[in-house]
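Report on the following structure.
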């Protein structure tokens, strides 16, 4: 099974878990990057970036659900939201800021996930 979280994401989730208590409202936001930005020449090799994008969305959704299940154990009210940068036509910072405004967030805890799995799907030589 692929690793869904980076160490930074795990630490961020643990930090949020420690802050949360019964009744705390948390939104887990996961961001799906645009595959063609990660590997702009992949289409020249005949790779179906649509298929890669679908797999990326599945992975991101699964990671958000897994994280929300862990956080829900605190008694917090947890929602999930997936930001698809290909659909949003935005960058990560603007997409997260927009979500924070919509959600009226008081605090944002960020973690990152390296995209090595995506790059391996696009280019098997990536290590």
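Restricting 121, 89, 79, 70 to residues that are under 19 Å from residue 15 (Cβ atoms) and either at pLDDT below 80 or loosely packed, with under 15 Cβ neighbours inside 10 Å (or both) narrows the list to 79.
Of all residue pairs spaced 6 or more apart or on separate chains, none has beta-carbon atoms under 6 Å together with a first member in the range 58-82 that is under 12 Å from residue 27 (Cα atoms) and a second member that is surrounded by fewer than 17 Cβ atoms within 10 Å (Cβ to Cβ) and modelled with pLDDT under 85. All conditions but one from (1) assigned to a helix (DSSP H, G or I); (2) crowded, with 18+ Cβ neighbours inside 10 Å; (3) under 12 Å from the mean Cα position of the chain (by Cα) apply to residue 61; the one that does not is (2). Taken together, the residues in the range 5-23 that are more than 15 Å from residue 60 (Cβ to Cβ), in contact with a helix residue (DSSP H, G or I) (Cβ under 8 Å, 6 or more places away or on another chain) and either in a helix (DSSP H, G or I) or without any contact (Cβ under 8 Å) to a residue 24 or more places away in the chain (or both) amount to 2. Do we find a residue being in contact with a strand residue (DSSP E or B) (Cβ under 7 Å, 6 or more places away or on another chain), in a helix (DSSP H, G or I), modelled with pLDDT under 85 and surrounded by 19 or more Cβ atoms within 10 Å (Cβ to Cβ) anywhere in the range 24-46? Scanning the range 24-46 turns up no residue that is in contact with a strand residue (DSSP E or B) (Cβ under 7 Å, 6 or more places away or on another chain), in a helix (DSSP H, G or I), modelled with pLDDT under 85 and surrounded by 19 or more Cβ atoms within 10 Å (Cβ to Cβ).
The values are calculated or read from the model by the stated rules, or taken from the named source; none is laboratory data. Worth saying up front: this structure is predicted, and the values here are computed from it rather than measured. No Cβ is skipped: glycine too gets one built from the backbone with ideal geometry, and neighbour counts run over all protein chains shown.
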